[in-house]
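Notes for the one structure printed next.
Computed from the coordinates by the stated procedures, all read-outs in this text should not be read as laboratory data. Bear in mind the structure is a predicted one, so any value in this text is a computation, not a measurement. Heads up, the Cβs are rebuilt from the backbone with ideal geometry, glycines too, and the neighbour counts pull from every protein chain shown.
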Amino acid sequence: MPRETAATQAAKPAGRPAAKPAGTLVGKLSRKDYERMLEVALVEARLGLAEGGVPIGAALFDSAGKLLGRGRNRRVQDNDPSMHAETSAFRNAGRRASYRDTIMVTTLAPCWYCSGLVRQFGIGTVVAGESATFQGGLAWLKENGVTVVDLDSAECKALLGGFIVARPEVWNEDIGVE
Ligand SMILES: [Zn+2]
């Protein structure tokens, strides 16, 4: 029987009680599980690029790998500088009493604003597609007890790298560089 993955778990009906105490599943997700979750964020990033936006995507999952919400940077599309990929995924996930066991998966290391969101709501784990282009608040998150996984994805780097070359002014606007 094939091993359970984030994708197969995500396909199960919602509301199944967790078999293990809260938090214990996070460490059991493999790199392959995280990569599968990152693929959801990458789909969002590619959609953003196709819309003429900054190609950064994100998705929020529970500790069993079930998708809670997904989104992408919509600065250009919505003329809204506060709509970052993580913000969008977080808002699309709706209300939740606790975020301790949730996993924010994003194609790029979260900026200060989104790192603040992670801290504010107590999101337990951040999976970054890459942090070579932009380190954001990863070190700060780690120092403050957030589990950080950096997948160092060549695809994430290539997707955003291509955009930065093509639209440097929009990228600088996005990271607040004048
Ligand atoms: Zn951000």
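Here are a few things to note about the model shown:
- Of interest is the spacing of the C-alpha centroids, which for segment 49-83 and segment 147-169 amounts to 14 Å.
- Net charge, residue 113 excluded, C-beta distance under 15 Å - Lys, Arg +1, Asp, Glu -1: 0
- Among the trypsin sites (Lys or Arg not before Pro) in segment 85-173, those located in a DSSP loop and surrounded by at most 11 other Cβ atoms within 10 Å of their own Cβ are 95.
- Neighbour net charge for residue 145 - beta-carbon separation under 12 angstrom, K R +1, D E -1: +2
- As a length-normalised measure over Cα pairs under 8 Å and 6 or more apart, the relative contact order of segment 121-178 settles at 34 percent.
- Gyration tensor verdict on segment 51-162 (Cα atoms; rounded if a/c is under 1.5, prolate if a/b is larger than b/c, oblate otherwise): oblate
- Working from Cα pairs under 8 Å separated by at least six residues, relative contact order for segment 79-178 is 23 percent.
- Under 5 Å between amide hydrogens, built in the peptide plane, is the criterion, and for residue 102 it picks out 124, 125 among residues at least 5 positions away or on other chains.
- Here the calculated FRET efficiency for residue 50 and residue 112, from their Cβ-Cβ distance with R0 = 22 Å, stands at 0.20, rounded to the nearest 0.05.
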